[in-house]
1. Would you confirm whether any residue within the stretch A:418-440 is open to solvent by less than 10 Å² (accessible area, probe 1.4 Å), touching a Ser or Thr at 6+ places or on another chain (Cβ under 7 Å) and within 15 Å of RNA strand B (Cβ to nearest atom)?
2. Taking the condition more than 22 Å from A:A398 (Cα to Cα) and either modelled with pLDDT under 90 or open to solvent by 10 Å² or more (accessible area, probe 1.4 Å) (or both), does A:G333 pass?
3. Open to solvent by less than 10 Å² (accessible area, probe 1.4 Å) and touching a helix residue (DSSP H, G or I) at 6+ places or on another chain (Cβ under 9 Å): is that true of A:A464 in this structure?
4. Being open to solvent by 40 Å² or more (accessible area, probe 1.4 Å) and either at pLDDT 95 or above or in contact with a Ser or Thr (Cβ under 9 Å, 6 or more places away or on another chain) (or both) narrows it down to one residue among A:D52, A:D32, A:D93; which is it?
5. What number of residues in the stretch A:35-49 are touching a helix residue (DSSP H, G or I) at 6+ places or on another chain (Cβ under 7 Å) and surrounded by fewer than 22 Cβ atoms within 10 Å (Cβ to Cβ)?
6. Does at least one position in the stretch A:401-412 carry a residue that is touching a strand residue (DSSP E or B) at 6+ places or on another chain (Cβ under 9 Å), aliphatic (A, V, I, L, M) and touching a residue at least 24 places away in the same chain (Cβ under 8 Å)?
7. How many residues are at pLDDT 85 or above and closer than 30 Å to A:E99 by Cα if we restrict to the stretch A:184-215?
8. Any idea which residue in the stretch A:330-361 is nearest to RNA strand B (Cβ to nearest atom), counting only those that are in contact (Cβ under 8 Å) with a residue 40 or more places away in the chain and of a type in the set (D, E, K, R)?
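The values are calculated or read from the model by the stated rules, or taken from the named source; none is laboratory data. This one's a predicted model, so the numbers in the text were calculated from it and none came from an experiment. Here the Cβ is made from the backbone with ideal geometry for all residues, glycine too, and neighbour counts use every protein chain on show. The protein model used for the area step is the full one, side chains on, heavy atoms only, and it has no ligands, DNA or RNA in it. Shrake-Rupley method; radii C 1.70, N 1.55, O 1.52, S 1.80 Å.
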Amino acid sequence: MTERNTYYITTPIYYPSDNLHIGHAYTTVAADCLARFKRMQGRDVFYLTGTDEHGQKIERTAREKGQEPIEYVDNIVISIKELWDRLMISHDDFIRTTETRHRAVVQKLFQKVYDQGDIYVSEYEGWYCTPCETFFTERQLAEGKCPDCGREVELLKEESYFFRMGKYTERLLAHIAANPDFIQPESRRNEVVSFIKSGLDDLCVSRTTFSWGVPVPFDSKHVVYVWFDALINYLSGIGFLAEDENADNFRYWPADVHLMAKDIIRFHAVIWPAMLMAANIPLPKKVFAHGWIMLEGGKMSKSKGNVVDPVVLINKYGVDAVRYNLLKELSFGQDGYYSEEMLVGRVNADLANDLGNLVSRTAAMIIKFFGGILPAPAVTEALDEELKSQAAATFKEATDRLDRLDFTNYLQAVLRLVSRANKYIDETEPWALGRDENRKGRLAAVMYNLAECIRISGILLAPAMPTYNERLNAQMALFADPLKLNWDDAGQWGLAQPGLAVKKGKALFPRIDISSLDLPVAEEAEQGAAAAPAESKSEAASGAELVSIEEFARLDLRVAEVIAAEKMPKADKLLILKVKLGDEERTVVAGIAQHYTPEELVGKKVVIVANLKPVKLRGVESHGMILAASTDTVVAVLSPDKDLPSGSKVK
RNA sequence: CGCGGGAUGGAGCAGUUGGUAGCUCGUCGGGCUCAUAACCCGAAGGUUGCCGGUUCAAGUCCGGCUCCCGCAACCA
C-alpha cells in the first residue's frame, strides 16, 4: 500500500456576523460524518473548521455596538463552538483568522507570491460611498446611488495590490481536465469551467479603506482582502509554512476534501488553486459543493420567522435524529427542502419504527426466551445465508457510498439491512419457535443473527449518529467500547460474543406524535430571539406603539383612480401605476406585480399615501404608496366600498 | 438574452456510461403478535412538462418552447 494514510477534510470558515443556522450545520455535520468514517477506518484524520473574522463589515458592526472587533467576534465564536459541541462535531482544530498562527502564514504566502512577481500594485477603481466607506461595482449600485444608504457615490481610485490570477487560466483548465474528480459534483465542475473560460481577471487582494485584517507585510497601509486571507486557513490550520512545532502537521497537505455549499465553489475551485499554483504548493485533491437547504415557504429569513435553530431541534429530538435527518433527507449535491414535519416523518419511519423497534423486539425476545443472555447460534438454515450476504453487501455499499460523499444512499443502504432483519423475524417466527422446546436451537440462531444485524448496522451508523451505539450498548452489550468502533468489523459476520447481556431499556428513538407539533419552528424561533441579546421585535401587531390623532393626521391619505398600469421592465415585483388624484395625475410604483396584473388594476379606486416622500425605484420616481393588506401569501389592495371621486380624503 | 437549479404515479425524491421507470411517505386489502398503535406481504396509482431530432432503442443525448424555484435586484 503506497496510499498515504492521512485524511484531511475541511469545512469553510464561517463568517461570525450572525448566529449560524441549519445550512452551516449541514456542511459541518456532513464533514464530521466523513471524518468519523475515516477515523473508524484507521486513517490519520485531520478535520478543520473555523471562522473568518476579518473585514469591514465585522469592524463596522462591532463599532456600532461599541465593541472592539475582537471582542465582538470572540462572543460569537463562543456560540459557534457551543453549537458544534451540541452537534458533536469532532473537529481536530478550530482556526480563527485573527489568530497569529494564521496571520503569519497569510503574510508569508503574500510575500512569497509577491516576490515571485504575481502580486503587483495598481489601482482599484470603483464607486465609493464615503459615509459607508465602501466600494461598489457599477452593477451593485441602486439607481446610481449607494445600495446601502442611498446617498451619492463617487468614482474613486484606490491603491490596491492585485494577484495575477488571469495568468493561471490555462493551467487551471488543464488541471480540471486532467483531474475529473477535482471539482464535484459534475454540474458544478461544468459551471466552473465555463466561468473560467469566460475570462479571469486579476484579483484585488488588498484594501486601504479599513484596517481590520492582516497587514500586507511590506506595506502597512494595506490589509489583505477577503479570499486571499480566508482561504489560507486551510494551510494555517495545519501549521503550513510555520517554522515551529506544528511542522508535523504538514503531512496532511494536500487536503483530501474541501467541503462547502455551492455558493462559494468558485472561490475554492478557481481562486484557491490559482493562489496555490502561484505559491508552488500542491492543490487539494477535491473540492466538493453541496446544495442549499430551502425551507417551506421560501428561503429562510428572520422576517419570515422561519429561521431554523439547530439547537432547538437537538433539544427536542436529540443529536442523532437531527444529524440523521440532515444526511438522509437531502440529496447531497442538490438543493433540498427542509421542514420539521419532514424531520419527524423521517425519524419516525426510519429510526423509531425500523431501527429502534428492531432493537426493542430483539432485546425483548432474548430476555424472554434466553433470560437476557445472547445465545450462540445452534441450528442454521438456508435463509440465514441470505441475511448474511445482504449484511456483507450492505457493508460494501455503505463504504462505497460514503467514499463518494453520497450520504443519502449510504444511510439508505444501512436501513435496508435493518428492514431485512425485521422481515427475517416474520419469516422465522421466533414466537412460534419459543413454544417448542425442540426448536430452541433454531431460536438461538435467529436471535444471534438478529444481534449481528444490529451490531453491524450500529457500526455503519456510527459516523452519522455519534451517541447511538453508546445508548444501544446499554441495552445490548455488543461492543467492548461503543466509542471506539472499527469500521471493518461491520464487514465480518459473527463478531458478537454469545453470552453478552441484554437488558430492557428506554426506547432508543421514541416515536414522535406528529399531531402534537404546534407551529414548532415559529414558536421556537421566538424563544431563541428572546434569549438572544435584545433585538427589538419589528412588527408586533397587538403591541404596536400608540400614536396620537395628530400624528395620524400628518398622513395625507387619498382615494385615487388607477388610469394606467404597466410592469416595470426587468423587475419581478414592481408595477408602474398612473393614478388620478382629483385633477392631479401622478406616478406611483407598487410592489404588487406578483399579485395583480396591470389590467386588473386599471379603473380601480385605491387608497394611497399622497404625501410620502418621492423615491426612485428602478429608475422610476414614485410619488406615493398604494395601501394594501397582506399575509405571507395574499396581498389585497384597499379600495373604498362605495364609489367616491378620486382625491377624496381618507381618515 | 444577469447567474444557477428544477419539471418523473396523491406528496417528497432516485434514476451511474441510452436497453422493459424505482425508493420513502400516504391510500386500500391481507398477515402476525416478539416489538415503540410498531413489523411483514399484496394491490391500486405515472403516455417521465410540451414539440421536434438522433438511434434498432431516450426519463437518460441534441435543438426549440412553456412553467416553477433559488441568487442578484426589488416591495415607499
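1. yes
2. Details: more than 22 Å from A:A398 (Cα to Cα): no; either modelled with pLDDT under 90 or open to solvent by 10 Å² or more (accessible area, probe 1.4 Å) (or both): yes.
Taking the combined requirement at face value, the residue does not satisfy it.
3. Answer is yes for this residue.
4. Just a single option satisfies the conditions, and that option is A:D93.
5. Adding up the residues that qualify gives 2.
6. Looking through the stretch A:401-412, at least one residue is touching a strand residue (DSSP E or B) at 6+ places or on another chain (Cβ under 9 Å), aliphatic (A, V, I, L, M) and touching a residue at least 24 places away in the same chain (Cβ under 8 Å).
7. Selection size over the stretch A:184-215: 12.
8. Quick first cut of the stretch A:330-361, residues in contact (Cβ under 8 Å) with a residue 40 or more places away in the chain only: A:330-341, A:344-345, A:347-348, A:350-361.
Okay, now just the ones that are also of a type in the set (D, E, K, R), so A:335, A:340-341, A:350, A:354, A:361.
Values: A:D335: 5, A:E340: 14, A:E341: 10, A:D350: 7, A:D354: 6, A:R361: 3 Å.
By that ranking, first place goes to A:R361.
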